[in-house]
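Q: My questions will all concern the structure given below.
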Amino acid sequence: MTIPTNFFDNLEFVHPKDIVDIFSANDRPSPGFRWIFKNELRPIDLYCYFGSRFGQPNGIQNFLRGDHSDNLIHWEWFLRTDGGFLTIQGMNFRTEIWISGNGIVADDIENLLRS
C-alpha cells in the first residue's frame with residue numbers, strides 16, 4: 001500500500017480519551033517505525049501547520065510535560081489515518097514521527113514529506 005498524495009487530507013484528530021482507549025485495548029495497533037528529523041523539518045513549521053489544522057496538541061505526552069522549557073517532548077499530536085496512527089513529537093533537538101499500524105509503509109514516507 002502506498003500513501004496517497006493527499007495523505008494529510010485524510011488525517012483525523014483523535015480525542016486524548018480515545019488515545020488511552022486505543023492503547024489500552026487488547027487489539028491495539030502494532031508497533032511500526034520511527035523517523036527522526038534533526039534539520040530537515042523545522043519544528044516551528046510543523047507546530048504551526050498542525051496547530052492551525054487540528055488545534056492544541058492532543059498527544060498523551062502533553063499531559064506529562066511541565067509548564068517550563070525543561071521538557072524532553074514539548075508538544076505531540078496523535079492523528080488517525082486509514083492505515084494506522086501517526087504521532088508527531090517536537091523535542092529539544094529533533095522532531096520524531098512515530099507510525100503505528102500496518103497500513104503505512106516506511107518506503108512511502110517521502111510522499112508524506114512532500115504533501
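The values are calculated or read from the model by the stated rules, or taken from the named source; none is laboratory data. Just so it is clear, the model here is predicted, and its values are computed rather than measured. Counting neighbours? That spans all protein chains shown, and the Cβs are built from the backbone with ideal geometry, glycine included.
Q: Could you check, for the range 26-35, whether at least one of its residues is at pLDDT below 85 and among the small types (Gly, Ala, Ser)?
A: Checking the range 26-35: at least one residue is at pLDDT below 85 and among the small types (Gly, Ala, Ser).
Q: Out of LYS17, LYS38, report the one residue that is among the charged types (D, E, K, R), modelled with pLDDT of 80 or more and in contact with a Lys or Arg (Cβ under 9 Å, 6 or more places away or on another chain).
A: Every option except LYS38 fails the conditions.
Q: So which residues in the range 36-62 are touching a helix residue (DSSP H, G or I) at 6+ places or on another chain (Cβ under 7 Å) and surrounded by fewer than 16 Cβ atoms within 10 Å (Cβ to Cβ)?
A: Listed by number, the list holds a single entry, ILE60.
Q: Restricting the search to the range 16-52, which residues are part of a helix (DSSP H, G or I) and hydrophobic (A, V, I, L, M, F, W, C)?
A: Selection gives ILE19, VAL20, ILE22, PHE23, ILE44, LEU46, CYS48, PHE50.
Q: Here's something else I'd like to know. From ILE60, ILE44, ILE22, grab the single residue that is on the phi < 0 side of the Ramachandran plot and under 12 Å from the mean Cα position of the chain (by Cα).
A: Values: ILE44 fails: under 12 Å from the mean Cα position of the chain (by Cα); ILE22 fails: under 12 Å from the mean Cα position of the chain (by Cα).
Selected residue: ILE60, the only one of ILE60, ILE44, ILE22 that is on the phi < 0 side of the Ramachandran plot and under 12 Å from the mean Cα position of the chain (by Cα).
Q: When the range 63-88 is examined, which residues are found to be at pLDDT below 85 and crowded, with 18+ Cβ neighbours inside 10 Å?
A: THR81, GLY83
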